[in-house]
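Below: one structure, written as structure tokens.
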Amino acid sequence: MSNPSRKDLPILFATLLLLICGVPPMAQAQAPAQSSAAPAAQPASEAALTVGGDIPTPLSLSLDDLRQMPRKKLTVTNSHNRKQETYEGVPLADLLKRAGMLQGEKLRGAAMTDYVIAEGADGYRALFAAAELDSSFQDSDVIVADTMDGAPLGPREGPLKLVAPHDKRPARWVRMLRSITIGKAPK
């Protein structure tokens with residue numbers, strides 16, 4: 001087996017974390033794909049994102065709450081459709097910090113087994129290691145987007161979408177994002 005490159009380490013860590021948490025490799029491969037038939041999206045006025053799990057300050061945020069927070073704009077090429085898209089939204093790291101997740105120099109020791117699961121209204125889920133989302137480890141630039149190309153996300157994508165711009169494939173981009181859950185891998 002050859003040595004993994006630095007770019008492969010987050011994927012290897014996430015896979016190892018899933019194995020530690022008791023999710024067998026075949027269950028990962030059989031995770032539900034995001035179907036093209038989207039369930040009915042919540043009206044924009046009722047849409048909310050919850051941030052919960054093993055954190056001191058659970059959050060429930062409306063679209064208006066998110067629009068009032070510091071925002072980031074990024075332009076990416078979506079490998080599914082090979083089109084360039086410009087998303088705008090709130091950095092996920094800012095939401096995690098607001099919820100009290102350890103970051104920076106405090107993210108060490110046992111906290112290095114913390115993970116984040118993003119879930120869409122269609123049940124699709126994606127996992128990130130806490131270190132992947134911490135700017136003291138790497139610049140992930142993951143955002144919770146509410147616009148694409150200057151317009152609100154449509155009902156098949158939004159009203160919120162998690163965008164991980166440095167992943168080679170958009171498999172961890174979670175459309176119709178509704179929750180972020182922080183957990184700790186068992187000992």
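Just so you know, all these numbers are worked out from the coordinates, no wet-lab data involved. The structure displayed is predicted, hence computed values, not measured ones. Glycine also receives a Cβ, built like all others from the backbone with ideal geometry; neighbour counts cover every protein chain displayed.
Legend: ranking of residues F137, F128 from fewest to most surrounding C-beta atoms inside 10 Å; resulting order F137, F128. Per-residue Karplus couplings for region 133-140, computed as 6.51 cos²θ - 1.76 cosθ + 1.60 with θ equal to phi - 60°, are listed in order as 9, 9, 5, 6, 9, 6, 8, 7 Hz, Gly and Pro entered as x. Residues Y124, Y115, arranged from fewest to most other Cβ atoms within 10 angstrom of their Cβ, appear as Y124, Y115.
For region 48-184, what proportion of DSSP beta bridges, expressed in % and rounded to the nearest 5, is antiparallel?
Antiparallel: roughly 90 percent of the beta bridges in region 48-184.
Counted by Cβ distance under 13 Å from A151, the other residues give a net charge of -4, where Lys and Arg count +1 and Asp and Glu count -1. Sequentially through region 81-96, phi angles give Karplus couplings (6.51, -1.76, 1.60; θ = phi - 60°) of 10, 6, 9, 7, 10, 10, 9, 9, x, 9, x, 4, 4, 5, 5, 5 Hz, Gly and Pro residues having no value and appearing as x.
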